[in-house]
Amino acid sequence: MLPAHPNTERGDVVINLDHQATTPCHPSVIEAMEPWWREQWGNPSSRQHRLGLTAAAAIGSARERLAGSLGIRSEELIFTSGATEANNLALLGHARARALADGGPGHLISVASEHHAVLDPLMRLKEEGFQITLLTPQQDGLIQVEQLEQAIQPNTQLVSVMVANNEIGVIQPIRELSTICSSRGITMHSDAAQAYGHLELQAEELGCALISLSAHKFNGPKGIGALVVRRGTKLQPLQWGGGQEQGLRAGTLPVPLIMGMAAAAEVSLHDLEDRQARLRALRDQLWQGLKRRNPAIRLNGALQPRLAHNLNITVPNVPGSRLHRALRPQLACSSGSACSRGEPSHVLRSIGRTRIEAEGSLRLSLGRDTTTTDIDAAIEAISAAITSLTEK
Ligand SMILES: Cc1ncc(COP(=O)(O)O)c(C=O)c1O
């Protein structure tokens, strides 16, 4: 049976500071999806009757609104099941298309601190004969432009660097990196799963041919995302069927989820600046409060440029498993990515943290409903846990 209230364990209210794993659907997102589950359940590919045509028109409008938010044309947005699929389609789809056009697999560049949804497709491409270079970020988590310049080879076909990191929140200099790529005829992809809805993003300014999005990171539903494919970008599909999405992503479109994604984008972009200012102040309150109470803790990643809703700290000399166990009844947070298979964070390892330090780290990510009371309670809970574990 499901727990009566998912936010409580042993009757205590659990403060949720794990919004980079996922976010709850905003009430207006649920409202926007509702009719498309109940009355308007048509298949947008059914063009012979009203139910299908209504669904197709709704998809067209949602696509237009999402594309408009990024400053691209509607046909440059391909719906996927999320950012994992968008990354796979971008990397496998583009690399294979380039190999076909260029007469063989070439060289691909990415960063050691990327999400597994980028690293794992790249490992797959390595098995297919592509040569992969993973840049090591600086200690602050950022990539320097010179690092990319030095890594580029005559046969480099594709560079993939995320906009904002899912664990340490640092924001990469995408524009500078993409400028180098375009001057050398190299395609640039960016995983913007953690950035869209939290930062003002325009595809033209980013300068990337391929951009991945995920709705559940900005108060939209799980199971829907998109890949931006700028005009003229070569892409092979990963699946074949009914020819939907210009033949690049076959499969019946999930109309309610797409309506939810478009509604979530509107909600997120509407109050973006105010929300970021409020969350930045709360995040800084959290960092300063924790540092005051526990001077030994260390910040992971640069404080600037960083997502306003992310904090990541290492607590030295405290066993990670015990720290997380002690916090669990009061605080939902994580030691790394939700998709890290229980291994110590490869992101923290890539910026020089030891295995033990990575295990004793907390990713604290705020959401649109986080309050100053939550932050005070989180400072109290974390500080009490650290004190009890260091006394033993
Ligand atoms: C940076 C990044 N990329 C990709 C993903 C995967 O996204 P999705 O859950 O939509 O497949 C995530 C989610 O954790 C993420 O943080």
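The values are calculated or read from the model by the stated rules, or taken from the named source; none is laboratory data. Please read these numbers as outputs of a predicted model, since none were measured by experiment. Glycine also receives a Cβ, built like all others from the backbone with ideal geometry; neighbour counts cover every protein chain displayed.
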- Task: Run down Glu146, Glu204, Glu200, Glu176 and say which single residue is acidic (Asp, Glu) and within 15 Å of the chain's Cα centre (by Cα).
- Result: Glu200
- Item | Per-region count, segment 266-301, residues among the aliphatic types (A, V, I, L, M) and assigned to a loop (DSSP other than H, G, I, E, B) | 2
- Query: Counting only residues that are under 22 Å from Ser268 (Cβ atoms), out of contact with any Leu (no Cβ under 9 Å at 6 or more places or on another chain) and either among the β-branched types (Val, Ile, Thr) or in a loop (DSSP other than H, G, I, E, B) (or both), how many does segment 26-62 have?
  - Reply: 3
- Is it true that Gly241 is out of contact with any Leu (no Cβ under 8 Å at 6 or more places or on another chain), in a loop (DSSP other than H, G, I, E, B), of a type in the set (Gly, Ala, Ser) and more than 24 Å from Ser178 (Cβ to Cβ)? yes
- Message: Condition first: part of a loop (DSSP other than H, G, I, E, B) and either touching a strand residue (DSSP E or B) at 6+ places or on another chain (Cβ under 8 Å) or under 24 Å from Leu122 (Cβ atoms) (or both). Now tell me which residues in segment 179-201 satisfy that.
- Response: Arg184, Gly185, Ile186, Ala192, Ala193, Gln194, Ala195, His198, Leu201
- Message: Go through segment 370-392 and report how many residues are without any contact (Cβ under 8 Å) to a residue 40 or more places away in the chain and of a type in the set (D, E, K, R).
- Response: 3
- Task: Look through Glu200, Glu204 and report the one residue that is touching a residue at least 60 places away in the same chain (Cβ under 8 Å), assigned by TED's automatic domain parsing to the domain that holds Pro105 and closer than 19 Å to Glu75 by Cβ.
- Result: Glu204
- Query: Say we look at segment 226-258 and pick out the residues that are within 13 Å of the ligand (Cβ to nearest atom) and closer than 15 Å to Glu75 by Cα; which of these is surrounded by the fewest Cβ atoms within 10 Å (Cβ to Cβ)?
  - Reply: Leu227
- Note on the structure: Note on Val111: of the conditions (1) surrounded by fewer than 23 Cβ atoms within 10 Å (Cβ to Cβ); (2) within 16 Å of the ligand (Cβ to nearest atom), unmet is (1)
- Message: Testing Leu51 on (1) buried (at least 20 other Cβ atoms within 10 Å of the Cβ); (2) free of Cβ contacts under 8 Å to residues at least 24 places away in the same chain; (3) of a type outside the set (Phe, Trp, Tyr), one condition comes back false. Which one is that?
- Response: (1)
- Of the numbered conditions (1) in contact with a helix residue (DSSP H, G or I) (Cβ under 9 Å, 6 or more places away or on another chain); (2) of a type outside the set (Phe, Trp, Tyr); (3) within 19 Å of Ser28 (Cβ to Cβ), Arg249 fails exactly one; give the number of that condition. (3)
- Task: Mind listing whichever residues of segment 143-166 are away from the ligand (no atom under 16 Å from the Cβ) and in a loop (DSSP other than H, G, I, E, B)?
- Result: Gln144, Ile152, Gln153, Pro154, Asn155
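Filter segment 202-225 down to residues that are part of a strand (DSSP E or B) and within 10 Å of the ligand (Cβ to nearest atom) and give me whichever is surrounded by the most Cβ atoms within 10 Å (Cβ to Cβ).
Let us first name the residues in segment 202-225 that are part of a strand (DSSP E or B), namely 210-214, 225.
Then drop every residue that is not within 10 Å of the ligand (Cβ to nearest atom), which leaves 212-214, 225.
Numbers: Ser212: 32, Leu213: 29, Ser214: 29, Gly225: 26.
Applying the filter and picking the extreme gives Ser212.
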- Message: Tell me yes or no: at least one residue of segment 88-111 is farther than 27 Å from Leu201 by Cα, in contact with a His (Cβ under 9 Å, 6 or more places away or on another chain) and at pLDDT 95 or above.
- Response: no
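Quick grid of which residues meet (1) among the hydroxyl-bearing types (Ser, Thr, Tyr); (2) within 20 Å of Ser350 (Cβ to Cβ); (3) within 14 Å of the ligand (Cβ to nearest atom); (4) surrounded by fewer than 18 Cβ atoms within 10 Å (Cβ to Cβ):
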{"site": "Arg73", "(1), (2), (3), (4)": "no, no, no, yes"}
{"site": "Gly82", "(1), (2), (3), (4)": "no, no, yes, no"}
{"site": "His94", "(1), (2), (3), (4)": "no, no, no, no"}
{"site": "Gly103", "(1), (2), (3), (4)": "no, no, no, yes"}
- Item | Filter result for the condition that a residue is closer than 23 Å to Ala378 by Cα and within 18 Å of the chain's Cα centre (by Cα), over Leu311, Leu299 | Leu311
- Message: Here is a check on your reading of the model: is Ala264 assigned by TED's automatic domain parsing to the domain that holds Met188 and not acidic (Asp, Glu)?
- Response: yes
- Looking at (1) assigned to a helix (DSSP H, G or I); (2) within 29 Å of Leu122 (Cα to Cα); (3) within 16 Å of the ligand (Cβ to nearest atom), find the lone condition where Ile78 falls short. (1)
